[in-house]
Amino acid sequence: MQQNVFDKLVAWTRANTLLLDAFSALLLTLVCAGTATATGAGAVLVSLLMCVPLALRRVLPEVSGALVAAGGLLQPVLAGEPQTANLAVLVSLYSLAAYAAPWASRGGLLLGLFGAVVAPARYVWPYSGLASALALVLFIAVLVVATWLLGSLRRASRQNERALLERARLLENERENESRLAATAERQRIAREMHDVVAHSLSVIIAQADGGRYAAAANPAAAAEVLGTISATGRQALADMRNLLGVLRQGPGDERAPQPDAGQVADLVEQVRASGLDVELEVVGGERPLPPAIGLAAYRIVQESLTNVLKHAGPGARARVEVRWDPDALRLGVDDDGRGAAAMVAPSPGGQGLVGMAERARLHGGAVTSGPRPGGGFRVRATLPYASPS
Ligand SMILES: Nc1ncnc2c1ncn2[C@@H]1O[C@H](COP(=O)(O)OP(=O)(O)O)[C@@H](O)[C@H]1O
Ligand SMILES: [Mg+2]
């Protein structure tokens, strides 16, 4: 609470620099000009020149300093003796050191030292001798230097403060950017998962239903099998969706629901085969434990490739899935002998699958290439290094 009042006071004084300076300059002017009346009009003029500009000491420090300096230089001519207003010189020097441009600050110091020599020479030497004059020179010079150093300290702390504020602002910006990026990446991840799960399951279900329509007439037993595949696929898709929604609901950092991995590619091929596509699976090399994210990427890449075969390769196409556990990376290949380039004549707008695959692989330091095969059909090749880049 007290801190609060103090903070408010500080904020108020910051916001009202000119008002405060003008008020203190007015008080000083009244006192100094008042005492100067005893000496004469010249002394009053000098006092006004030295005190009134202090109102601008922080707002326009160079102007204020120049006016005060003019007063000091005119003083030997206009006023016969030192004035109370000479104290204003120290205030002005402090303000120059703290708030003015470096050249003005240094100029102020030089003029102050000049005054430290001239004033005793003019006012003390002729009356009290050289020794007293020299002592006074020393005294004023120390006062001038100390004041200037104080002002410079103030400048340094102000610069420090400004640098800290700037740094805080930059950090805040950076944090904002980072969280925006993270949110975008998360959205893309979810979009990919949604696309892969939904498109794959629906393609399988549609293929099954289409086949089942004809099969049912001739062979009711086959129809029952087809319906079994449809319900199994639907159930699997539902489970996948639940996982995904679970991840969404939990938010980042929470325990994630188990996701499919590379070891389940065989189940996937089995599932696609059940939907009527002729798929062959070849696994080369021994399976290895993979980080879950890479395993999921491998699974989704094969899933999307097979979905594309179902969707685009045309009837009667055959597919071949190859999973190679090479020493450095997991290599995946999905080839088909379907329509290939012919299917791509009118590419469907907004296809997410191939793009998503490439994104998934890139995320783990790998790559995906895809395209029609020279002899007809379509080919997808993916490389997923075991050690994902950090
Ligand atoms: N196995 C394939 N055979 C023929 N064309 C394919 C095959 N896979 C992908 N394509 C072509 O690549 C395009 C992009 O595929 P994709 O990004 O998965 O989008 P979508 O499957 O939603 O159309 C497809 O529209 C199709 O023209
Ligand atoms: Mg697709």
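The values are calculated or read from the model by the stated rules, or taken from the named source; none is laboratory data. A quick note: this is a predicted structure, and the numbers were derived from the prediction, not measured. Note that we place each Cβ from the backbone using ideal geometry, even for glycine, and neighbour counts take in every protein chain shown.
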Take the residues of the range 329-364 that are within 25 Å of Asp278 (Cα to Cα) and modelled with pLDDT of 90 or more: which is surrounded by the most Cβ atoms within 10 Å (Cβ to Cβ)?
Asp336
Restricted to the range 73-101 and to residues being closer than 19 Å to Gly40 by Cβ and among the small types (Gly, Ala, Ser), the residue nearest to the chain's Cα centre (by Cα) is Ala88
State whether the residues of the range 218-234 include one that is modelled with pLDDT of 85 or more, surrounded by 15 or more Cβ atoms within 10 Å (Cβ to Cβ) and within 18 Å of Glu304 (Cβ to Cβ).
yes
How do the helices (runs of 4 or more DSSP H) wholly within the range 1-61 filter down when requiring 3 or more residues that are under 44 Å from the mean Cα position of the chain (by Cα) and hydrophobic (A, V, I, L, M, F, W, C): which remain?
2-15, 17-36
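Quick check: anything in the range 137-158 over 30 Å from Val91 (Cβ atoms) and among the charged types (D, E, K, R)?
no
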Enumerate the pairs (first residue in the range 37-61 and under 19 Å from Leu96 (Cα atoms) and assigned by TED's automatic domain parsing to the domain that holds Gly151; second residue anywhere and at pLDDT 90 or above and assigned to a loop (DSSP other than H, G, I, E, B)) with beta-carbon separation below 7 Å, excluding pairs fewer than 6 apart on the same chain, so at least 6 apart or on different chains.
Pro61/Ala100
